[in-house]
Each structure stands twice: as structure tokens, then as C-alpha cells.
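Everything below concerns the one structure shown next.
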Amino acid sequence: MDPRRRSTKKPLAPPLSNLHRHSAAGHRQEDDSQRRASDALPLPLQLTNALFLVLFFSAVYFLLRRWSDKIRTQTPLHVLTFSEILALLAFLASFVYLLGFFGIQFVQSFLLRPDDDEIVAVDGGFAAACPQSLNCAIPAAATPDLAAAPIELLLPQNDEELVQSVVSGAVPSYSLESKLGDCKRAAAIRREALQRITGRSLSGLPLEGFDYDSILGQCCEMPVGYVQIPVGIAGPLLLDGTEYSVPMATTEGCLVASTNRGCKAIHLSGGATSVLLRDGMTRAPVVRFPNIARAAQLKFYLEDPRNFDTVSMVFNRSSRFARLQSANCTLSGRSVYIRFCCSTGDAMGMNMVSKGVQNVLDFLQDADFFPDMEVVAISGNLCADKKPAAVNWIHGRGKSVVCEAVIRGDVVNKVLKTSVQSLVELNKDKNLVGSAMAGALGGFNAHASNIVSAVYLATGQDPAQNVESSHCITLMESTNEGRDLHVSVTMPCIEVGTVGGGTQLASQAACLNLLGVKGACYEAPGANARRLATVVAGSVLAGELSLMSALAAGQLVKSHMKYNRSSKDVTTHNAAAAAAASS
């Protein structure tokens, strides 16, 4: 009989000899536990466990209080008193006992408890009398060794049985990766189960050709495939004396071509220049006090320069790259919103700053500081992340960059097909007055979000942060006695990183490598992320210049009808291409 299948007959009762053996084994386990307990201390098991539990938590409490006092008094942590050494020894001894005796005893008593029914693993737990739909019975010859058998053997072994188990709900879809240990197989099984559940095909969504191991626990949960987005190249963009070929992932026709035209105009005019004004990621928790007096005391404490060194030391323990820059408080009744700002190296830094904030909140809740402080949420929306907000427009978030270029008059005429005066007038009426009439917040531009989104998708950034990263004001004015055009973009919230998140994926890493900013910069931490931010601003400058020129020349509709409204039969074209490839 197939060892993965079980008989439909009701299992017979075990022979009496087996019951006697189970009983004897149980007595031997009890004797073993007693012997192990008496080996530690000549006391009963329960009393020994209670003694070591009290010793463990007492040592931990004493050490935490001592270290808190040292942090407050700026005493080095490695300087130990005799009492602290004794507490450390007590902690180690109790920890070893609890791990080696109490912990193992609990696990064994849970896994090895005798039961007459078959036991199977379901969603990380245990259930008696496995459903027949799982087809997960164990052969009778293996029954005495059930406890020693790997849990994975209790799962269905072939893909069809696994798909049926997911469809029936016996095996949760989200647990396939952990149960199978094969991310690609898990994605294929989940995909097939989804098609059967919904009755809809996913044939157009590719599955092959993707490294699913690279996204596990990092980028995407429960994958069933991946979406193809074409990547185009705009450039070369001449920025700060360096040429960049800018990758842009988009499905909007004309976007790459338009940005490329702007890059050409900038290059012919001598290039663009950028300046990075600020570099700091923010996180703003909200905390609450019993009254406004206590809330104000926290504000005064955090904004007092004499306390900044202590708070920053606590914050900076979260990472060797995190460096606290400021902590500003805003009160609303008895609630306090603390906007922390810190540098984050080459990472975008949301996780880094969140860990630092948690360290500070734990420190402030110490009994000697603000024990009555209630942490409502680690994010109180004053950050503000992935939302348009005036605080970001005014104070910045991530990288704040200004980029400018002077476009020669002849380039404006020949390449951009318009005039300097037309661009200046259009920018005033559209980007400034028109945006003001619309009540825009950070949207004093033509289409900055188009370029930001395309570069973000290509380089593995968080596309949702396009919301604040696209805050931009575009300015144009005539210069050199009206002959040439001065154009600039000011972007206070470019949130990018070159490590972590989607930057680890092969395609996105290749695009970062094309720009020369892949990974971390070890010589000057943060340099790669800052350079990427300036490239984003330079690309936006090129895109703004080209779109505004198309509007001024009346070319927008014509170009989109030509390049973004293809009338060819895509099905026929694809079939012909496939036939040509096969021949």
C-alpha cells in the first residue's frame, strides 16, 4: 500500500502488549525527568523550576535597572560591580537550567503524549484523526515511531494532493513555503489552487523565470507569479559632470521618449547641477499622558539640548548607520506627536528609524522618567509616510534635492521646438497659478510623479512613496538677457535607498548597477542613496522640460496619438513574432 495513503477501515485497538510498552515508556520518562531535576538541585521538580524562574526574572530585572541607571548617568556598560557580576552569573545559570530542563521537558511532554488516534500536523498545530482528504496516514509499521518521524512526512507528497488540500482549506495557502521548503513549488501549487477556487485562468501571468527564494520574508507574500513591466532607457543625463543612463519602468507610451528628449536638451546645454540640502528619514509616534502638564514636560525634555546626547545614544543603538538628527514635539491636548529624524546610510530607512524610535520610547517609559506615558502607536501620521502632507513639503523627508540647468536658446528652438518666452509664460500659468487654483499640495509641476514612479519601479524602491517623493515645484525664467532658459526643480522628499527591500531583486539590482549605485557605499555610507536621489531629481528636470515644451508647442495630443494609441493587431503581431522565432 502507498505509504502516503491510509486505509478507510477503522483502525483496530492496539494489542495489550503495546499498551504495556507505552505505559512502561511513560514511567521511564517520569523517572528521567525526576533524575534530571535531582541532578540540578536535590529538590522536587516543581520547587526547582519555581526557584530558577524567580532567580531568572530577578536577575533580569536587576540588570535592566542597573543598565538604565548607567545610561542615564553615562556610565560605561562594561564597568561591572560585584553585585552585577553575581546577577550575570545567576542569569546564565537560571537560563541554562530553564532551557535545558524546563523547556525540553515541556516540548517532550507535548510531542510525546500517548494517543490512540493518528496525529497529523495542521497549520503548525496538531489534530487527531487526520481527514481523509489530506491522504496523510502513516503505515502501520511506522506507528510506534510516530513521534520521531519528521512532520513534513505527514503532508501530502505529490503536487495534486497538495493542490486539493489547499482548495479544501486543509493546508493554508500562506504556509506552503515553510512546509515545503521550496518557494517555486509553493508558488506553482498556490497558483493552481487559486485557479480552481476562482474558476479563472492566470495563463497570462508568467511563473517561470523568477527567483522566488529572493522575495521570501522580504518583498511579497503568497506569490503566484510576477508582472512584466518594460524598462526603457533615457539619456545620457549629464548631471554634476557625470553621464547617467536612466532606467525607467513604465507602461505609458511617450514617457521615456519625452524624458530622453529633455536629457538631450540638458546635455547639449552643458548639463545640470544638483545640490542635496537634507538627508533624514522621519518617524512620528503618538503618545498619551494623564494630563496636558505631563505631555508638556515630555516636549520640554526632548527639545532640551542638554538631553539630546542621551536620547540620541539610545536611538543610535538600533543600527550602526542610524544617527538621530532631531526630535520635535507637537501637542494635541494630552497627546504628544514626536517627529524623529535620522540619517540611515544607503537604506531608505523606515525600519531603521522605527527601531530607533522604539528604543527611545522604552527608555522614556522607565520609572524615573515617564512611567505614565502610554504609547498609542509608533506611527501617528506626522511622519508623514505615503500621504501628501504639508510637514513634508516644508521640512522635507528622505533626501531634499534642488536641481537646475540653463538651456541655450538655440536648443530650446531646435530640440524642444518652442521658445524661451513661451515656456516661462506657460510655467507661470500652469505650474504656479493653475496649481494654486487647484489647491495643490506639493504639486506645482507638470508630471514629476511620472518620472519618479518609473525610476522607482526600475530600481526597487517602494512605489507607494511616490506620493510624497513627487512633491516638486518647477520654476522657469529667462536668463542671459532673455536668450536662454533657466529651469529648476525643488524636491524636498525623495525617499530612496540602494540596499534592502526590492533593491535586492536581480532586475532591480541590475538597474541600480547601470546607474553605478548598487548596494552600500563602504567608503562613504549613504553616498549611493544620495546620488540616486540626485539622479531622480535630474530625470524629473528632463521630464518637466520636455513635457512643458510639448504643451507650449501644441504637440502633446499629436505625439500621444502617434506613439501611445497603437492600432496594430497585437494578437496577430505576437503570433507572427512567435512563428518567426520558431522558424
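The values are calculated or read from the model by the stated rules, or taken from the named source; none is laboratory data. Note that this is a predicted model, so its numbers are computed, not measured. Don't worry about glycine lacking a Cβ; one is built from the backbone with ideal geometry, like all the others, and counts go over all protein chains shown. Keep in mind that these areas ignore ligands, DNA and RNA; they rest on the heavy atoms of the full protein, side chains included. Shrake-Rupley method; radii C 1.70, N 1.55, O 1.52, S 1.80 Å.
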Query raised in the report: Would it be correct to say that Lys387 is closer than 22 Å to Gly501 by Cα, open to solvent by 20 Å² or more (accessible area, probe 1.4 Å) and part of a loop (DSSP other than H, G, I, E, B)?
Result: yes
Report task. Filter the stretch 397-432 for residues that are open to solvent by less than 70 Å² (accessible area, probe 1.4 Å), of a type outside the set (A, V, I, L, M) and under 38 Å from the mean Cα position of the chain (by Cα) and give the result. Result -> Arg397, Gly398, Lys399, Ser400, Cys403, Asn427, Asn431
Query raised in the report: Here is a list of conditions, (1) in a helix (DSSP H, G or I); (2) touching a residue at least 12 places away in the same chain (Cβ under 8 Å); (3) within 30 Å of Leu556 (Cβ to Cβ); (4) under 35 Å from the mean Cα position of the chain (by Cα), and Ser435 meets all of them except one; can you say which number that is?
Result: (2)
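Results for (1) in contact (Cβ under 8 Å) with a residue 24 or more places away in the chain; (2) farther than 30 Å from Ser335 by Cβ, shown as yes or no for each residue.
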site: Val375; (1), (2): yes, no
site: Asp410; (1), (2): no, yes
site: His471; (1), (2): yes, no
site: Leu475; (1), (2): yes, yes
site: Ser478; (1), (2): yes, yes
Query raised in the report: Quick one: which of Thr251, Thr273 is of a type in the set (S, T, N, Q) and in a loop (DSSP other than H, G, I, E, B)?
Result: Thr251
Query raised in the report: Within the set of pairs 6+ apart or on separate chains, which have a first residue in the stretch 191-216 that is over 15 Å from Glu177 (Cα atoms), a second that is charged (D, E, K, R), and C-beta atoms under 7 Å apart?
Result: Leu202/Arg191; Leu207/Arg191
Report summary line: Restricting attention to the stretch 300-313, the residues that are surrounded by 13 or more Cβ atoms within 10 Å (Cβ to Cβ) and either touching a Gly at 6+ places or on another chain (Cβ under 8 Å) or not in a helix (DSSP H, G or I) (or both) number exactly 1
Report summary line: Result of the Cβ filter at 6 Å on the stretch 342-371, keeping first residues that are closer than 20 Å to Glu303 by Cα and at pLDDT 95 or above and partners that are β-branched (Val, Ile, Thr) and crowded, with 24+ Cβ neighbours inside 10 Å, at least 6 apart or interchain, is Cys342/Val353
Report task. Go through the stretch 233-278 and give me each residue that's closer than 24 Å to Thr479 by Cα, among the β-branched types (Val, Ile, Thr), under 31 Å from the mean Cα position of the chain (by Cα) and open to solvent by less than 20 Å² (accessible area, probe 1.4 Å). Result -> Thr259
Report task. Among residues belonging to the stretch 461-507 that are assigned to a helix (DSSP H, G or I) and polar (S, T, N, Q), point out the one that is most open to solvent (accessible area, probe 1.4 Å). Result -> Gln504
Requested in this report: Could you please tell me which pairs satisfy a Cβ distance under 9 Å, a separation of 6+ or placement on different chains, a first residue in the stretch 235-251 that is among the β-branched types (Val, Ile, Thr), and a second residue that is crowded, with 22+ Cβ neighbours inside 10 Å and in a strand (DSSP E or B)?
Outcome: Val246/Ala234; Val246/Gly235; Val246/Leu237
Requested in this report: Find the helices (runs of 4 or more DSSP H) located wholly in the stretch 25-120 whose residues include 3 or more that are at pLDDT 70 or above and not hydrophobic (A, V, I, L, M, F, W, C), and list them.
Outcome: 45-73, 82-97
Query raised in the report: Does Ile189 count as among the β-branched types (Val, Ile, Thr) and either over 24 Å from Ser168 (Cβ atoms) or loosely packed, with under 12 Cβ neighbours inside 10 Å (or both)?
Result: no
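In the stretch 509-532, is there at least one residue being among the polar types (S, T, N, Q), more than 22 Å from the chain's Cα centre (by Cα) and either open to solvent by 30 Å² or more (accessible area, probe 1.4 Å) or within 20 Å of Glu495 (Cβ to Cβ) (or both)?
No: the stretch 509-532 contains no residue that is among the polar types (S, T, N, Q), more than 22 Å from the chain's Cα centre (by Cα) and either open to solvent by 30 Å² or more (accessible area, probe 1.4 Å) or within 20 Å of Glu495 (Cβ to Cβ) (or both).
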